[in-house]
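Heads up, the thing below is written out as structure tokens.
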Amino acid sequence: MANILIVDDEKSIRKTLTEILSFEGYKVDEAADGAEGFRLLREKAYDVVLCDIKMPKMDGMEFLEKSRELNSDLPVVMVSGHGNIDTAVEAVKKGAFDYISKPPDLNRLLITIRNAMDRTNLVKEARTLRRKAIVAQEMIGSSEALRKIRETIDKVAPTEARVLITGENGVGKELVARWIHEKSQRNASQLVEVNCAAIPGELIESELFGHEKGSFTSAIKQRIGKFEQAHGGTLFLDEIGDMSLNAQAKVLRALQEGKITRVGGEKEIQVDVRVVAATNKDLLREVNEKNFRLDLYHRLSVIILHVPSLNERREDIIELTENFLDQICEEYRIARKSIDPQAMKMLTEKTWAGNVRELHNVVERLVILSGKTISAEDVDQYVFSVKDRRSTLA
């Protein structure tokens with residue numbers, strides 16, 4: 001349910017608009033002047049604002065400017081009976097989404113609100129895609145360990161060799177897989193990802209190889225599996241150490257013969273797929289414990305690329321932190337925050353059990369909770385747990 005804020009000093013107008021919009025399924029808050037409206041805007045998230053121009057305490061134009069400073073993506077529709085074409089042009093120049101004269105045409109008002117919400121959704125989607133693109137394009141760090149990874153990727157990517165990426169959770173194995181695909185001869189086709197740990201064992205075969213209609217109770221239509229989707233491209237099998245032995249046998253056959261058979265089907269389907277796998281487990285130990293097939297391990301590990309933990313490349317923490325500050329502040333549409341040297345020193349000395357993923361989460365937390373400059377006190381309060389403090393004091 002979308003939230004709409006009505007800012008107008010005329011009680012009758014507020015009441016009428018609230019009744020209409022509530023009937024349409026919107027959740028509505030009211031403010032009698034710009035100052036009250038801006039207070040509500042700072043306390044609560046809204047999808048659209050309807051704002052009068054002539055109001056006491058803070059008029060609509062001042063409210064518009066302040067709301068843009070607070071959230072430049074929030075659509076503000078000016079609704080006024082005192083304006084003219086010059087007022088409308090000025091409002092739009094200052095960032096208003098639209099201008100509607102009083103008494104408003106209700107059909108136009110509702111269409112404007114829907115259009116405003118559509119634009120907001122598109123902005124959010126574009127920002128999400130841009131963030132994903134940034135993450136996919138960058139490997140941040142100047143350490144020797146990361147330099148060697150880049151060199152290995154440059155050598156391996158143009159070939160058809162299968163790659164097994166190893167490393168702890170959160171070190172960036174998926175990012176390495178993306179770089180291998182982007183630098184390969186297959187980059188015009190898809191990189192299809194499968195998180196083997198997130199799919200129940202009874203569904204992994206259907207996920208990988210697809211199924212025919214009626215092959216099991218919930219198979220109400222034919223499904224194309226990830227191997228077929230990745231035809232001509234790259235299939236990334238993340239956390240492959242969690243795959244069932246039965247599914248491993250079928251993956252081995254697909255790699256050996258370049259063919260798959262859908263669950264419940266008989267037809268063999270030719271697939272041209274380069275497989276890149278990743279795991280946080282010691283697969284040779286898993287082989288000894290009968291949890292992983294040795295023949296599949298050898299098929300996957302033509303090239304083994306180990307991604308070191310963040311604790312093994314601490315010299316990259318400063319660069320990563322600064323990069324995350326850029327990304328997160330841009331995502332939240334706020335001024336770029338800085339971090340003082342002592343706070344940065346504390347981050348570089350911290351033990352990062354969750355690696356780069358944990359560092360990103362910590363920086364995001366600091367951006368949200370800290371002031372313009374992230375201080376050592378902020379890091380101590382928002383990052384270090386009681387256990388961390390005790391170990392530091394010891």
- Is it the case that the range 151-160 has a residue that's surrounded by fewer than 17 Cβ atoms within 10 Å (Cβ to Cβ), hydrophobic (A, V, I, L, M, F, W, C) and either under 25 Å from Asn311 (Cβ atoms) or at pLDDT 95 or above (or both)? no
- Item | Enumeration of residues in the range 353-372 that are at negative phi and in contact (Cβ under 8 Å) with a residue 60 or more places away in the chain | Gly354, Val356, Arg357, Glu358
- So which of Glu257, Glu315 is outside the structural domain of Asn187 (by TED's automatic domain parsing) and either over 27 Å from Ala219 (Cβ atoms) or without any contact (Cβ under 8 Å) to a residue 12 or more places away in the chain (or both)? Glu315
- If you take the residues in the range 318-344 that are touching a residue at least 24 places away in the same chain (Cβ under 8 Å) and basic (Lys, Arg), which one is nearest to Ala376 (Cα to Cα)? Lys337
- If you go through the range 235-247 one residue at a time, do you hit one that is hydroxyl-bearing (Ser, Thr, Tyr) and modelled with pLDDT of 90 or more? yes
- Task: Output the qualifying pairs, or none if there are none: Cβ atoms under 6 angstrom, residues six or more apart or on different chains, first residue in the range 277-293 and in contact (Cβ under 8 Å) with a residue 24 or more places away in the chain and basic (Lys, Arg), second residue part of a helix (DSSP H, G or I) and crowded, with 17+ Cβ neighbours inside 10 Å.
- Result: Lys281/Gly241; Arg293/Gln248
- Quick one: would you say Met1 is surrounded by fewer than 18 Cβ atoms within 10 Å (Cβ to Cβ) and not in a helix (DSSP H, G or I)? yes
- Query: Of everything in the range 322-373 that's in contact with a strand residue (DSSP E or B) (Cβ under 9 Å, 6 or more places away or on another chain) and of a type in the set (Lys, Arg), which residue is nearest to Gly167 (Cα to Cα)?
  - Reply: Lys337
- Query: For Ser206, are the conditions met, namely being more than 20 Å from Glu151 (Cβ to Cβ) and of a type in the set (Ser, Thr, Tyr)?
  - Reply: yes
- Query: When you look at Asp295, is it closer than 19 Å to Lys281 by Cα and among the charged types (D, E, K, R), yes or no?
  - Reply: yes
- Note on the structure: Restricted to the range 4-33 and to residues being charged (D, E, K, R), over 22 Å from Asn115 (Cα atoms) and exposed (fewer than 14 other Cβ atoms within 10 Å of the Cβ), the residue nearest to the chain's Cα centre (by Cα) is Lys15
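The values are calculated or read from the model by the stated rules, or taken from the named source; none is laboratory data. Every value quoted in this text rests on a predicted model; they were computed, and no experiment measured them. When we count neighbours, we look across all protein chains shown, and the Cβ atoms used for this are built from the backbone with ideal geometry, even at glycine.
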